[in-house]
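**Q** The structure follows.
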Amino acid sequence: MDYNEGEFFRNSIKLLEDAANVVNCDPNVLERMKRPKRAIIVSIPVRMDDYRVKVFTGYRVQHSSTLGPYKGGIRYHQDVTLSEVAALATLMTFKCSLLNLPLGGGKGGVRVDPTQLSRTEKQNLTRRYTSELGTAIGPNVDIPAPDMGTDAQTMAWIMDTYSQEVGYAQPGVVTGKPVEIGGSLGRTGATGLGVVFTAEKALEHRKMKLEGTTMVVQGFGNVGTHAALYAHQRGAKILAVSDVSGGIHDPKGLDIPDLLRYVAEHKVVKGYPKAEPISNEELLALKCDVLAPCALENVITHENAGKINAKIIVEGANGPCTNEASKILHERDVLTIPDILANGGGVIVSYFEWVQGLQHYFWTEDEVNAKMKLIITSAFDKVWELKQEKKVDMRTAAMGSAVRRLERAMLLRGLYPR
Ligand code: NAD
């Protein structure tokens with residue numbers, strides 16, 4: 001197993017090298033940025049409902065703690081690999097750096113199809129994974145959060161297991177918890193709301209407004225549903241959405257609250273009676289103002305980048321466009337708001353949750369959303385400025401801006417021992 005096995009990790013490092021070059025990053029510092037600090041691999045034995053024991057593989061990759069404790073989600077998916085988790089951990093470091101948060105980057109994953117687990121099996125898996133990670137996580141060490149296949153309930157189980165093992169309640173070990181046990185108002189929808197805030201900024205630069213624009217959303221989980229809902233509430237027309245079951249399309253615009261009620265009952269968008277079915281490939285190629293890929297990585301590649309018919313892409317997911325695709329899109333003047341900026345709303349509000357927990361003082365949802373907007377839009381402006389100054393695309397500018405802050409911090413802290 002090697003970090004470089006996966007295309008996503010190789011793409012992330014290539015992007016880092018290109019951006020470091022643009023901002024003249026110190027080569028010794030760059031060498032260190034290219035490798036995660038630590039990777040933990042655990043075997044997770046789980047008692048299944050039929051009494052058999054299955055052993056799953058779990059990872060936690062801790063990329064950098066230069067700016068603060070490691071921070072990053074935990075993903076449950078059948079295709080999770082060490083290389084993918086390492087790529088995601090690397091992106092978290094640069095995301096936190098770009099957003100000016102006092103946090104480093106980490107990520108976790110378990111190679112399991114969560115849709116095949118009962119609630120009890122998922123709980124057993126989560127508790128044993130937490131216990132295997134032991135003191136490698138903690139409020140001052142490494143703070144997980146939800147990602148694909150995990151949610152607030154998963155975080156509650158992690159918090160409880162960790163607290164049982166240390167002997168007292170430790171809500172600060174995770175973010176994205178339910179509000180009843182120390183979660184922040186606004187956390188669940190934060191990533192989707194951040195996607196909408198950055199889409200609004202991008203539209204401004206194209207002299208357009210969100211109201212009346214057409215939007216397509218791939219992925220209808222945490223990020224996709226909230227992005228679609230908040231955009232719909234602000235007057236955007238959502239032409240199509242999709243999930244793992246396929247897509248649905250209505251050129252007049254979908255009624256998102258009605259669709260959410262359907263999905264709450266049927267779990268997937270497939271079969272929604274008030275729209276036409278559409279494949280995921282067709283959906284990505286639909287003519288629209290804003291395309292928001294909010295599902296998986298590597299969905300826009302050199303093969304379909306030429307077919308994209310959107311003016312703006314806002315990356316709700318991590319790594320949805322490959323490097324080759326990004327180049328093609330840039331040449332075709334499709335403005336792409338990269339993941340580390342566009343989906344930063346989640347980690348910003350995770351940071352707020354951590355701060356509120358440390359202070360034992362909780363804010364209103366309006367306060368949370370307003371403070372998040374301030375951070376994400378300031379980061380957008382900083383990236384836009386660097387893009388104009390260096391004449392590069394938004395992705396390189398976002399990474400370049402993140403590299404600059406981390407580089408300064410690494411040089412100040414120095415290398416131990418020298
Ligand atoms: P989720 O599990 O809630 O939802 C994922 C969605 O993608 C589901 O609707 C699923 O059906 C769909 N999907 C899966 N495979 C698909 C395919 N082949 N085609 C189309 N749709 C497919 O996950 P999430 O939390 O919404 O995360 C989605 C992405 O956003 C991931 O890349 C994640 O890393 C990123 N992200 C999430 C957060 C967060 O706060 N949840 C924050 C930052 C980034």
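The values are calculated or read from the model by the stated rules, or taken from the named source; none is laboratory data. Quantities reported herein were computed from a predicted structural model and do not represent experimental measurements. Ideal geometry is used to build each Cβ from the backbone, glycine not excepted, and the neighbour counts take in all protein chains shown.
Listed here are the residues, each with its yes/no results for (1) surrounded by 20 or more Cβ atoms within 10 Å (Cβ to Cβ); (2) over 24 Å from Val244 (Cα atoms); (3) within 16 Å of the ligand (Cβ to nearest atom).
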| residue | (1), (2), (3) |
| --- | --- |
| Asn304 | no, no, yes |
| Ile313 | yes, no, yes |
| Leu335 | no, yes, no |
| Val347 | yes, yes, yes |
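**Q** Among what's in segment 183-212 and is more than 23 Å from Arg395 (Cα to Cα) and surrounded by fewer than 22 Cβ atoms within 10 Å (Cβ to Cβ), pick the residue that is nearest to the ligand (Cβ to nearest atom).
**A** Of all residues in segment 183-212, those more than 23 Å from Arg395 (Cα to Cα) come to 183-189, 211-212.
Among the residues that remain, those that are also surrounded by fewer than 22 Cβ atoms within 10 Å (Cβ to Cβ) are: 185, 188, 211-212.
Values: Leu185: 15, Thr188: 8, Glu211: 25, Gly212: 26 Å.
My answer is Thr188.
**Q** Against the conditions (1) in contact (Cβ under 8 Å) with a residue 12 or more places away in the chain; (2) surrounded by fewer than 18 Cβ atoms within 10 Å (Cβ to Cβ), where does Lys54 fall short? Just the number, please.
**A** (1)
**Q** For Gln62, all conditions in the list (1) buried (at least 17 other Cβ atoms within 10 Å of the Cβ); (2) closer than 29 Å to Lys387 by Cβ; (3) more than 15 Å from the ligand (Cβ to nearest atom) hold save one; what is the number of the exception?
**A** All conditions are met except number (2).
**Q** Where the second residue is part of a helix (DSSP H, G or I) and away from the ligand (no atom under 16 Å from the Cβ) and the first is without any contact (Cβ under 8 Å) to a residue 12 or more places away in the chain and over 17 Å from Trp384 (Cα atoms) and lies in segment 314-342, which pairs have Cβ atoms under 8 Å and are six or more apart or on separate chains?
**A** none
**Q** For segment 103-152, which positions are away from the ligand (no atom under 11 Å from the Cβ) and of a type in the set (Ser, Thr, Tyr)?
**A** Ser118, Thr120, Thr126, Tyr129, Thr130, Ser131, Thr135, listed by residue number.
**Q** Which strands (runs of 3 or more DSSP E) does segment 219-322 wholly contain that include 2 or more residues that are modelled with pLDDT of 95 or more, touching a Phe, Trp or Tyr at 6+ places or on another chain (Cβ under 8 Å) and not aromatic (Phe, Trp, Tyr)? Talk me through it step by step, then tell me what you get.
**A** Working: elements: 237-243, 246-249, 276-278, 287-293, 309-314.
Where strands (runs of 3 or more DSSP E) fall fully within segment 219-322 and carry at least 2 residues being modelled with pLDDT of 95 or more, touching a Phe, Trp or Tyr at 6+ places or on another chain (Cβ under 8 Å) and not aromatic (Phe, Trp, Tyr), they are 237-243.
**Q** On to the next question. What is the residue count in segment 251-290 for residues that are among the basic types (Lys, Arg) and within 15 Å of Thr225 (Cα to Cα)? Let's see the steps before the verdict.
**A** Of all residues in segment 251-290, those among the basic types (Lys, Arg) come to 252, 261, 267, 270, 274, 287.
Pick out the ones that are also within 15 Å of Thr225 (Cα to Cα) and you get 261, 267, 270.
The qualifying residues number 3.
**Q** Part of a loop (DSSP other than H, G, I, E, B) and within 17 Å of the chain's Cα centre (by Cα) - does that describe any residue in segment 49-68? Let's see the steps before the verdict.
**A** Of all residues in segment 49-68, those part of a loop (DSSP other than H, G, I, E, B) come to 49-52, 65-68.
Still in the list and also within 17 Å of the chain's Cα centre (by Cα): none.
No: segment 49-68 contains no residue that is part of a loop (DSSP other than H, G, I, E, B) and within 17 Å of the chain's Cα centre (by Cα).
**Q** Conditions first: (1) more than 14 Å from the ligand (Cβ to nearest atom); (2) under 23 Å from Ala152 (Cα atoms). Ala325 passes all but one, so which condition is the exception?
**A** Just one mismatch for Ala325, condition (2).
**Q** Quick one: is Met155 within 10 Å of the ligand (Cβ to nearest atom), closer than 20 Å to Tyr70 by Cα and either at pLDDT below 95 or assigned to a helix (DSSP H, G or I) (or both)? Can you show your working first?
**A** On the way: within 10 Å of the ligand (Cβ to nearest atom): no; closer than 20 Å to Tyr70 by Cα: yes; either at pLDDT below 95 or assigned to a helix (DSSP H, G or I) (or both): yes.
When the stated conditions are applied, Met155 does not pass them.
**Q** Also, quick follow-up: If I ask for residues that are assigned to a loop (DSSP other than H, G, I, E, B) and in contact (Cβ under 8 Å) with a residue 40 or more places away in the chain, which ones from segment 20-33 would you list? Write out each step before concluding.
**A** Taking segment 20-33 as the starting set, the residues that turn out to be assigned to a loop (DSSP other than H, G, I, E, B) are 23-26.
Val23, Cys25, Asp26, listed by residue number.
**Q** Is it fair to say Thr175 is touching a helix residue (DSSP H, G or I) at 6+ places or on another chain (Cβ under 6 Å) and either closer than 27 Å to Gly108 by Cα or crowded, with 24+ Cβ neighbours inside 10 Å (or both)? If you could, list the steps in order and put the result at the bottom.
**A** Numbers: touching a helix residue (DSSP H, G or I) at 6+ places or on another chain (Cβ under 6 Å): yes; either closer than 27 Å to Gly108 by Cα or crowded, with 24+ Cβ neighbours inside 10 Å (or both): yes.
Spelling it out, Thr175 is indeed touching a helix residue (DSSP H, G or I) at 6+ places or on another chain (Cβ under 6 Å) and either closer than 27 Å to Gly108 by Cα or crowded, with 24+ Cβ neighbours inside 10 Å (or both).
**Q** If you go through segment 1-21 one residue at a time, how many are surrounded by fewer than 20 Cβ atoms within 10 Å (Cβ to Cβ), under 22 Å from Val392 (Cβ atoms) and touching a helix residue (DSSP H, G or I) at 6+ places or on another chain (Cβ under 8 Å)?
**A** So the count comes out to 5.
**Q** Now for a different question. Within the group Pro45, Pro36, which residue is over 21 Å from the mean Cα position of the chain (by Cα) and either without any contact (Cβ under 8 Å) to a residue 40 or more places away in the chain or over 22 Å from Leu386 (Cβ atoms) (or both)?
**A** On the way: Pro36 fails: over 21 Å from the mean Cα position of the chain (by Cα).
So the residue among Pro45, Pro36 that is over 21 Å from the mean Cα position of the chain (by Cα) and either without any contact (Cβ under 8 Å) to a residue 40 or more places away in the chain or over 22 Å from Leu386 (Cβ atoms) (or both) is Pro45.
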